[in-house]
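Okay, structure first, notes after.
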Amino acid sequence: FSLSLAGFIEEPERKYCFECASEEQCQEWVEALKRASYEFLRRSLIFYRNEIQKMTGKDPLEQYGISEEARFQLAT
């Protein structure tokens, strides 16, 4: 399978090719890449932030000085 990365200034049309020994191995790669995506990590942060807030009554990001604006962006 291949992965094309568009939108990077240095290399706007960069393409990476991956070779796998089996369909199963290919699916494992695809899932690993999905889990490493920004959107997956962002959603995970939102989920765990909300879970911690439910359990403790405190926003866990507050201790790191994250602004109200940034917290609002996380919640969208």
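So, of the residues in the stretch 14-61 that are open to solvent by less than 70 Å² (accessible area, probe 1.4 Å) and of a type in the set (D, E, K, R), which turns out to be modelled with the highest pLDDT?
Ranking the qualifying residues of the stretch 14-61, first place goes to GLU51.
Is there any pair with a first residue in the stretch 30-42 that is under 26 Å from GLU19 (Cβ atoms) and a second that is open to solvent by less than 90 Å² (accessible area, probe 1.4 Å) and of a type outside the set (Ser, Thr, Tyr) whose Cβ atoms are under 9 Å apart and which are 6 or more apart or on different chains, and what are they?
Close Cβ pairs (under 9 Å, with a partner that is open to solvent by less than 90 Å² (accessible area, probe 1.4 Å) and of a type outside the set (Ser, Thr, Tyr)) amount to VAL30/PHE1; LEU33/LEU3.
The values are calculated or read from the model by the stated rules, or taken from the named source; none is laboratory data. Given the structure is predicted, the values throughout are model-derived calculations rather than measurements. Every residue, glycine as well, gets a Cβ built from its backbone with ideal geometry; the counts of neighbours run over all protein chains shown. The protein model used for the area step is the full one, side chains on, heavy atoms only, and it has no ligands, DNA or RNA in it. Shrake-Rupley method; radii C 1.70, N 1.55, O 1.52, S 1.80 Å.
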